[in-house]
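Here's the structure, in structure tokens; my notes come after.
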């Protein structure tokens, strides 16, 4: 029976890309159709009355521009990742894409008409867009899950504790089902027989030799495999391929950013930080007032952090805990439902607004807009005792946002944060920086990205 199910699933896999394309195409056409109705039926008529309007090709061009802009935001925020993201996350990604697209479109119309027209129709259009998104995505996701049920997986575990990995995969019961866990210490022949009984295999952090044998076996048999990368894998994956000889070579320069990259990254930091300072100045004023009225204590909180080369600097944050919070607890990470956090502090942490004063650190040159999060020296020393490679993150300046902040969570393990930060350092580009900056507003409102570490009593729950 299992073999029959596997064959049926493999036959369905051929159509997966086509089905995803159908989902994206219908949604794009629907949203562009709504915009075409609003543009041609209202805004263009309004502009024509003022002596400047569009006809036929001009109208189609405006709809096309809307479609291009919508596609850009959908690709950036993951609005097309049907079957990959959870329902709520997928719908949220689509809604934020539509909101930004409609906002940009409204300003585009204002520029064309040389004045701000009434936004009522844009607001109504956005509400209709959201209704369409929720209906179409819920309907399609239900159909998608029926066609592609959760994969039955076997996990090959190593000596390193795998409960974090199991918990993460089990949280996506709509996509994966870990049916069995096997230790890599078993005979390879035993493991190989087990693998063939399932839809795929998750290869945990196991020794390189065993992993290489299993990967080759999966490739030979056409079995889908998911591997947990080692630090050396990330370094190799981002190396430059050389063909100077008849044997291919992988060059890894290991020098961090070049002089030119450092110069232009600093220019990027200054420009973006000044823009953020202007945009967030009202938020600064309101937040400072709320903190002061809460307990009449200091507004800002200063703390030693590490940046490039192990340099220690003082980071600025809005105070979110009671005064003198660490006199009894010492330097520890915030936990879920931490009693030290004030009510206004919970709100600020939820939206990550407590980090806003770090714009000043960026202007001073202590930090970059994008980079690894700055760690406390005491906590970094503790982590380095277990993971010596954690210092590799200090190849570049610490950042306000970054790869680990966007693709990880507040409670992501230090080892996984290191891998994410190394992925950024090794693949640095200004296009990647731009993408991570655009992605930051999305993750600010996702609860999973800002939740505290689980306490020792419940970390295994």
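The values are calculated or read from the model by the stated rules, or taken from the named source; none is laboratory data. Computed from a predicted structure; not experimentally measured. Methodologically, a virtual Cβ is constructed for each residue, glycine included, from the backbone with ideal geometry; neighbour enumeration extends over all protein chains shown.
One table, with the values for the structure above:
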item	result
Enumeration of residues in the range 88-101 that are more than 15 Å from the chain's Cα centre (by Cα) and touching a residue at least 60 places away in the same chain (Cβ under 8 Å)	98
Enumerated strands (runs of 3 or more DSSP E) restricted to the range 267-371, each holding at least 3 residues that are at pLDDT 90 or above, closer than 23 Å to residue 433 by Cβ and touching a strand residue (DSSP E or B) at 6+ places or on another chain (Cβ under 6 Å)	312-318, 367-370
Residue tally, condition loosely packed, with under 14 Cβ neighbours inside 10 Å, at pLDDT below 90 and farther than 24 Å from residue 390 by Cα, over the range 210-239	2
Filtered residue count, the range 240-262, keeping only those that are in contact with a strand residue (DSSP E or B) (Cβ under 9 Å, 6 or more places away or on another chain) and either in the same structural domain as residue 393 (by TED's automatic domain parsing) or at pLDDT 80 or above (or both)	9
Qualifying residue in the range 414-421 (condition: touching a helix residue (DSSP H, G or I) at 6+ places or on another chain (Cβ under 9 Å), under 21 Å from residue 78 (Cβ atoms) and not in a helix (DSSP H, G or I))	no
The range 427-445, residues that are surrounded by 19 or more Cβ atoms within 10 Å (Cβ to Cβ) and under 16 Å from residue 238 (Cα atoms)	428
Answer from 71, 76 - the residue that is more than 18 Å from residue 132 (Cα to Cα) and surrounded by fewer than 19 Cβ atoms within 10 Å (Cβ to Cβ)	76
Per-region count, the range 373-412, residues in contact (Cβ under 8 Å) with a residue 60 or more places away in the chain and part of a loop (DSSP other than H, G, I, E, B)	5
Filter pass, residue 117 being part of a loop (DSSP other than H, G, I, E, B) and under 23 Å from residue 63 (Cβ atoms)	yes
Any hit, the range 171-179, residues being closer than 23 Å to residue 412 by Cβ and without any contact (Cβ under 8 Å) to a residue 24 or more places away in the chain	yes
Test: residue in the range 118-141 that is touching a strand residue (DSSP E or B) at 6+ places or on another chain (Cβ under 7 Å), crowded, with 17+ Cβ neighbours inside 10 Å and either in contact (Cβ under 8 Å) with a residue 12 or more places away in the chain or in the same structural domain as residue 42 (by TED's automatic domain parsing) (or both)	no
Close pairs from the range 243-267: first free of Cβ contacts under 8 Å to residues at least 40 places away in the same chain, partner surrounded by 11 or more Cβ atoms within 10 Å (Cβ to Cβ), Cβ under 7 Å, at least 6 apart	249/242; 250/236; 250/239; 251/239; 251/242; 252/235; 252/239
First in the range 292-307 and assigned by TED's automatic domain parsing to the domain that holds residue 322, second anywhere and modelled with pLDDT under 85 and in a strand (DSSP E or B), Cβ under 9 Å, 6 or more apart	301/321
